[in-house]
Protein chains: 2
Amino acid sequence: MKTSNEISSCKTCVYRKLLFDSLTDEEYLMVNKSRKEFIYSRGEIIRKEGDSIDSFIYLRSGLIKLYKTDKNGKDHILSLNKSGDFISLLSIFSNSEYKYSIAAVEETKICVIDLNSLRQAVDTNSKFALRVLNRMSRVSDDIIESQFEIRQRQVKGRIAYFLLFLTNKIYRSHEFRLPITRREIGELISMTTENTIRTLSEFKKDGIISMDGRTINILDYERIKGISNTG
Amino acid sequence: MKTSNEISSCKTCVYRKLLFDSLTDEEYLMVNKSRKEFIYSRGEIIRKEGDSIDSFIYLRSGLIKLYKTDKNGKDHILSLNKSGDFISLLSIFSNSEYKYSIAAVEETKICVIDLNSLRQAVDTNSKFALRVLNRMSRVSDDIIESQFEIRQRQVKGRIAYFLLFLTNKIYRSHEFRLPITRREIGELISMTTENTIRTLSEFKKDGIISMDGRTINILDYERIKGISNTG
DNA sequence: TTAGTCATATGACATATATCATGGTTTGCG
DNA sequence: CGCAAACCATGATATATGTCATATGACTAA
């Protein structure tokens, strides 16, 4: 992790519209005064479950995973999030400690705001508070929904679902580089690394994707959609 | 469903302390003016996914399930909730429609408040807004956590986990009546009805529970805990 | 009462998934 | 560069889980 040396402009920040739009200039300045930027590279842990929550975090760029380690030491990934998603909101009002760990899965830039500034803004600006409420519940809804989708499918359906997620939600393209290892894919969709690998290989053999290492090409989108819906 | 004929006193309501404590008398009166009570019996659907959200609901007594139907028509239960838990908060600020269905699994009394009154209170009372924020994120956290716990276990561990949930969270007793059918247990912990039945029978045969129909007695709590932790 | 539905129950069998073993390949780092 | 550690890959096998068939009791509607 390193501190960003040139501070990004807030003018171009998606969160300006998503969240901070409803703040007065004065409130915005107060919140912004405590703002710091950090850059994490692939694999670095941004926050660990159990860490105390003293700040509000949002992603400027990059990709992170939200995950939790079970008592056997096995990680389970709850979600992948990109800039524009909210992550840290999830726990900050109900817990004093993070319930999940956050790690960068690619080079990621975050903004960190002192939690007290945010609380004060929520306290004095109810429109902002509602905005936060709205955004916060959306994060949780997304996690719950994806877990719901995953748990009703079996191996092939889960892989198909994951590929569609990357295609439609993350990259908006039929060609992309897998952002995570096959092991991590398994941790995300609750299956073993071996079966993840096998299933991807099978999709390749069947000609519905092409695959070279991490590079994936969606060749038969409709068929993958079919597998996601039935298998 | 029927309208309650005698209105319960708010004096004894847990939500008075949990949530409405931070309202001024005036605000409370406004919120309370729109309040209505309804009683649902076992099996009745309180809200269906897709229904438009125009009210805020909380449980006065009873037990409900939050569930979602997949495209094959199979139900998946997300959580069981009792009085004191929040349910309707989950979506009301991020969606105009319910994302989950709510049904009574035993005789259940709910209070319904006009959503506009609540919104207005959030709008004018930031302390209340924070309280709502706090409560809301806790609901989601609970669902996400239980899904996390379920998905890392296999059949026996899931049943054990479910029995501990009833013992510790719902009934606070080692003896209770299963509130839901074995089919519903399967829908909650993602396994087939047959395997649910089989596993319960096995627990009975092994002497760690006694079971007569829906009546369960936890005979060897520690052993169940062990199974929940390892299997 | 009778037929029908649903919940519980259990066995036999099919299938999905995990585990174990083993090797090749890439990646990171001193 | 060269080594170690991950990652990727695939087969053989074990195990967990689902599916199908069948039976019984409880309850309900006609």
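Here is a yes/no grid of residues against (1) away from chain A (no Cβ under 11 Å); (2) open to solvent by less than 50 Å² (accessible area, probe 1.4 Å):
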{"position": "B:144", "(1), (2)": "no, yes"}
{"position": "B:153", "(1), (2)": "no, yes"}
{"position": "B:162", "(1), (2)": "yes, yes"}
{"position": "B:165", "(1), (2)": "yes, no"}
{"position": "B:172", "(1), (2)": "yes, no"}
{"position": "B:175", "(1), (2)": "yes, no"}
{"position": "B:185", "(1), (2)": "yes, yes"}
{"position": "B:190", "(1), (2)": "no, yes"}
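Could you list, in sequence order, all residues of the stretch A:139-198 that are among the hydroxyl-bearing types (Ser, Thr, Tyr) and within 14 Å of DNA strand D (Cβ to nearest atom)?
To start, the set of residues in the stretch A:139-198 that are among the hydroxyl-bearing types (Ser, Thr, Tyr) comprises A:140, A:146, A:161, A:167, A:171, A:173, A:181, A:190, A:192-193, A:196.
Of everything in the stretch A:139-198, those that are among the hydroxyl-bearing types (Ser, Thr, Tyr) and within 14 Å of DNA strand D (Cβ to nearest atom) turn out to be A:181, A:190, A:192, A:193, A:196.
Looking only at the stretch B:61-104, filter to residues that are closer than 16 Å to residue B:133 by Cα and of a type in the set (A, V, I, L, M); which one of those is nearest to the chain's Cα centre (by Cα)?
This residue is B:87.
Here is a check on your reading of the model: is residue B:25 within 30 Å of residue A:230 (Cβ to Cβ) and open to solvent by 50 Å² or more (accessible area, probe 1.4 Å)? Steps first, please.
Values: within 30 Å of residue A:230 (Cβ to Cβ): no; open to solvent by 50 Å² or more (accessible area, probe 1.4 Å): yes.
For residue B:25, the condition - within 30 Å of residue A:230 (Cβ to Cβ) and open to solvent by 50 Å² or more (accessible area, probe 1.4 Å) - is not met.
So for the stretch B:208-231 (the condition being more than 16 Å from DNA strand C (Cβ to nearest atom), of a type in the set (Phe, Trp, Tyr) and within 22 Å of residue B:103 (Cβ to Cβ)), does at least one residue qualify?
Checking the stretch B:208-231: not a single residue is more than 16 Å from DNA strand C (Cβ to nearest atom), of a type in the set (Phe, Trp, Tyr) and within 22 Å of residue B:103 (Cβ to Cβ).
For the stretch A:114-134, which residues satisfy the criterion of being facing another protein chain (nearest Cβ under 8 Å) and open to solvent by less than 10 Å² (accessible area, probe 1.4 Å)?
Across the stretch A:114-134, the qualifying residues are A:122, A:129, A:132, A:133.
Residues in the stretch A:64-84 that are more than 13 Å from chain B (Cβ to nearest Cβ) and surrounded by fewer than 20 Cβ atoms within 10 Å (Cβ to Cβ): how many? Walk me through how you get there before you give the answer.
Start the filter on the stretch A:64-84 by keeping residues that are more than 13 Å from chain B (Cβ to nearest Cβ), which leaves A:64-65, A:80-84.
Checking the rest, the ones that are also surrounded by fewer than 20 Cβ atoms within 10 Å (Cβ to Cβ) come to A:82-84.
Selection size over the stretch A:64-84: 3.
Testing residue A:137 on (1) closer than 28 Å to residue B:70 by Cα; (2) away from every other protein chain (no Cβ under 14 Å); (3) crowded, with 18+ Cβ neighbours inside 10 Å; (4) in contact with a Phe, Trp or Tyr (Cβ under 7 Å, 6 or more places away or on another chain), one condition comes back false. Which one is that?
(2)
Determine whether residue A:214 is within 14 Å of DNA strand D (Cβ to nearest atom) and of a type in the set (Lys, Arg).
The answer is yes for residue A:214.
The values are calculated or read from the model by the stated rules, or taken from the named source; none is laboratory data. As the structure is a prediction and not an experimental result, all values here were calculated from the model. All Cβ positions, even for glycine, are placed from backbone atoms using ideal geometry, and neighbour counts span all protein chains on display. All accessible areas refer to the heavy atoms of the entire protein, side chains included, with ligands and DNA or RNA removed. Shrake-Rupley method; radii C 1.70, N 1.55, O 1.52, S 1.80 Å.
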